[in-house]
Every structure is written in C-alpha cells, then in structure tokens.
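The values are calculated or read from the model by the stated rules, or taken from the named source; none is laboratory data. Note that the structure is predicted; figures quoted are calculated from it, not measured. FYI the Cβ positions are ideal-geometry reconstructions off the backbone, even for glycines, and counts take in every protein chain you see.
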Amino acid sequence: MDKDDAKKLPYPLIHPDVCKGCGRCISACPKNVLEMSEKFNGSSYHYAQYIGEGCIGCANCYYTCPEPLALEVHVQEKKKTTK
C-alpha cells in the first residue's frame, strides 16, 4: 500500500497530552486497533494509541471518550456524484 492509499483509509488521531488513559475508547473499538501506551503523557497518564492499521471509521472511540478534543476520527471525504 502506498502513501496515497493510506491517506484514504480511516484512522483515529489521539492527542496524548489530553488523554487520561481511561480505556473507554479501547473497549469501544470493534476492531481492537487501539491499545494503551507504555509511555506517559505530560500529566503522567498512560494514553491510548492507534496500532497503525485496521480502523473502519466507526467513531465508537470518539463517542465514548469523556475528554473533549482527546481524539479525532479521520475518514475520507465522499465525493459527490452529479446526475
């Protein structure tokens, strides 16, 4: 898979400094593509991280996260079709 193809796939973007490591996003992910990092953020919390592939863009992680702005789910914009 080249870089252009990778940009078309959905992916979560987790902001480590905002994440408090509650693990709700990890539990909510139907594809198990999130894990808890062994590293600590600036507030001394382990934070969630994406394993790098397999996200389907369902946004379950986003909707279960209690921290505003801790994560985003990026999906490819659908092109409008004209008739």
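Residue count for region 31-63, restricted to those that are over 16 Å from residue 9 (Cβ atoms) and out of contact with any His (no Cβ under 8 Å at 6 or more places or on another chain): 14.
So in region 68-83, with the set limited to residues that are of a type in the set (A, V, I, L, M, F, W, C) and out of contact with any strand residue (DSSP E or B) (no Cβ under 6 Å at 6 or more places or on another chain), which one is surrounded by the most Cβ atoms within 10 Å (Cβ to Cβ)? Write out each step before concluding.
Pass one, region 68-83, residues of a type in the set (A, V, I, L, M, F, W, C): 69-71, 73, 75.
Remaining after also requiring out of contact with any strand residue (DSSP E or B) (no Cβ under 6 Å at 6 or more places or on another chain): 69-70, 75.
On the way: 69: 8, 70: 21, 75: 14.
Here the residue is 70.
Can you tell me which residues in region 28-65 are more than 14 Å from the chain's Cα centre (by Cα) and not charged (D, E, K, R)? Of everything in region 28-65, those that are more than 14 Å from the chain's Cα centre (by Cα) and not charged (D, E, K, R) turn out to be 40, 41, 42, 43, 44, 45, 46. Is it true that residue 13 is of a type outside the set (Phe, Trp, Tyr) and either touching a Gly at 6+ places or on another chain (Cβ under 8 Å) or at pLDDT 95 or above (or both)? In short, yes.
Going through (1) part of a helix (DSSP H, G or I); (2) in contact with a Gly (Cβ under 6 Å, 6 or more places away or on another chain) one by one, residue 25 falls short only on (2). Here is the figure for region 37-67: residues that are surrounded by fewer than 15 Cβ atoms within 10 Å (Cβ to Cβ) and without any contact (Cβ under 8 Å) to a residue 40 or more places away in the chain total 10.
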